[in-house]
Structures are given as C-alpha cells and as structure tokens.
1. Give me the dipole magnitude in Debye, nearest 20, for the stretch A:2-119 about the Cα centre, with unit charges on the beta carbon: positive for Lys and Arg, negative for Asp and Glu.
2. Can you give the relative contact order of chain A as a percent, counting alpha carbon pairs under 8 Å and 6+ residues apart?
3. Would you mind checking the pairs A:LYS85/B:LYS100; A:LYS43/A:LYS93; A:LYS24/A:LYS73; B:LYS36/B:LYS117 and listing those with alpha carbons more than 18 angstrom apart?
4. Which net charge results for the neighbourhood of A:ASP52, defined as the other residues with beta-carbon distances under 11 angstrom from its beta-carbon, given Lys and Arg at +1 and Asp and Glu at -1?
5. A:VAL28: accessible area at probe 1.4 Å, nearest 10 Å²?
6. With Kirkwood's inverse mean 1/r over C-alpha pairs for Rh, give me the Rg to Rh ratio of the stretch B:1-141, two decimals please.
7. Determine the share of the stretch B:3-147's accessible area contributed by carbon and sulfur atoms, expressed in whole percent, with a 1.4 angstrom probe.
8. Once you sort the root eigenvalues of the Cα gyration tensor of the stretch B:1-75 as a ≥ b ≥ c, which label holds: rounded (a/c under 1.5), prolate (a/b larger than b/c) or oblate (the other case)?
Amino acid sequence: MKLLVVDDSHFIRNRISRAVAVHKIDSVITAPNGMEALRLFQKEEPDLVTMDITMPGLDGIACTSAMVRLNPKVLILVVSAVADKATAIRALKQGANGFLLKPFSDEEINDSLTELLRGGGHG
Amino acid sequence: MDEQDIQVLIDGTVHYFHRSLDKTAAVGTPYLIEDKQRISSDYTGVIGISGVRKGSVYFTAPSAMLRHILMTHGESQIDSDFMADVVGEVANTISGNARKVFGQEFIISVPTVFAGKPDYTRFRFSDRSFVIPIHWRQYHAALVVSID
C-alpha cells in the first residue's frame, strides 16, 4: 500500500514518514501543499493519505474533497492542530475518514492509520 | 484577552511540550509587555489571528533548543530550514489547539517564520502582549500572545 503524507511542515512530513510502521504500508510519498498533493495523488494513486488542514493555497479540506472526487475509495486521515469540532466535522463531511490532533506520538499515528485500514473507505 | 483566555494558551503550551518532548518542560510565570515591546530569540514563528479576535501569537526560541528538539524526534537533517520549520509548527499547533475553546471564529494564518531578527511590522499586535516563558532542559523560549 502507498501512503501520501501532505503537510506544509517538512519536519512533520519527515516525522510521519519515519514513524509509519503499519506493515501493510510499503511506500511513503510526501507533498508540501495541496496543489502538489493533488498532482502526486493522480500520478502515484496512493491508497492512504494523511492530510494537514492549514496550508498555503489549497487547504486540507478542499484537497480532501478533490481527492475523494477523484478516488472515492481513498482513505484520508486528517492530521491537524486545528482542534475545533466544526472543522473536524467539515473535514469528515468532505470525505475524510479520521482525525488525529497534533501534537501526536508515533504510536498514535500508527494506531490511527491501523484503525483507518480496519474501518475501510467511502466504498 | 482576559485571564481565562490566557490560561487556555498557557495550558496549550504545557500540553504541547509535554506531548512533544517530555514532562520536564515547564512554563514560567507569564508577564506583560506593553506598547511596541517585542521579544525575539534566534528563530521566531508568527501566526496571524483574525475573525472575532485580532492580533498575533508567536513562538521564539534559541537555535540550540530547536536542534535538540529535532534530534529528540530523530531528525537527521538539522539545519536552518528545519529549525525555522519547527518554530512555525510549534506556533501553529498551540494556536490551532486553542480553537477547541475559542471556536472556529478564532482564525489562524499559516506560520511566517524568521531566522534572526523578525520583521514584526507585517503583523498586527495588541497594545499589551502576554509572554509565556518556556523552560526545557537548559533552554529558554517563549510564546507571546498579542491579541485584542
């Protein structure tokens, strides 16, 4: 399985890439913004995505919506510092499958991705 | 901002450092700076606040502390770009977490980061800013909250 990590922070992209220890994930690619994420999404066809919300240009919610339109089966975990309920609900309504709040531990990112794989996508 | 609002950001700062680093990170007694007083260390990440509240939140830290944070997280690329990235991420995470209490009308910008002396003229500040000192190991940093 292929994971696409989308975050404008290089530090966070590296952290998630290093932390991922879900045995089904054998390849990780990264994008620093929404536009690059969409380009890679179409080119690389990842099965899973971790998505930041606050990014310059295309934000994570719009990017989630675009990805789900392109591939309704993709699994998207929003990983964001934005902690209000309304934003989480908006992300889920746009097609995200889960929400992990920053700051997170390595264990939490792996647990969330494992949970996502167990739960399935939009079908 | 009143005392309760500041407490939200103090709690958020403690939460961030305890979750990201370890429980030895401590927050000192917050204090006020007035008028155009600004503080800065080697790297600074500024978040603009808009919506129902207006102003800025910034995190400023010495490079030695940021290097140590990067090493703690297993980062091998420890350079100026990454240190700037970390100050932005800290400011963004603490501000973003505050929306749990302040709600979605507490609108945060993407971080603007500075190495060296920040250009604060580009941001809106309140007449009074609260400085939340942060101590971790031998390092001293600060989160500054300047919101109307």
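1. The calculation lands at about 300 debye.
2. So the answer I get is 25 percent.
3. Those over the limit are A:LYS43/A:LYS93.
4. Net local charge, A:ASP52 excluded: -2.
5. 60 Å²
6. Over the Cα atoms of the stretch B:1-141, Rg/Rh equals 0.94.
7. Roughly 49 percent, rounded to a whole number.
8. Because a/c hits 1.5 or more and a/b exceeds b/c, the stretch B:1-75 counts as prolate.
The values are calculated or read from the model by the stated rules, or taken from the named source; none is laboratory data. Just so it is clear, the model here is predicted, and its values are computed rather than measured. Glycine gets a Cβ as well: all are built from the backbone with ideal geometry, and neighbour counts include every protein chain shown. SASA here: full protein model, heavy atoms, side chains in, ligands and nucleic acids out. Shrake-Rupley method; radii C 1.70, N 1.55, O 1.52, S 1.80 Å.
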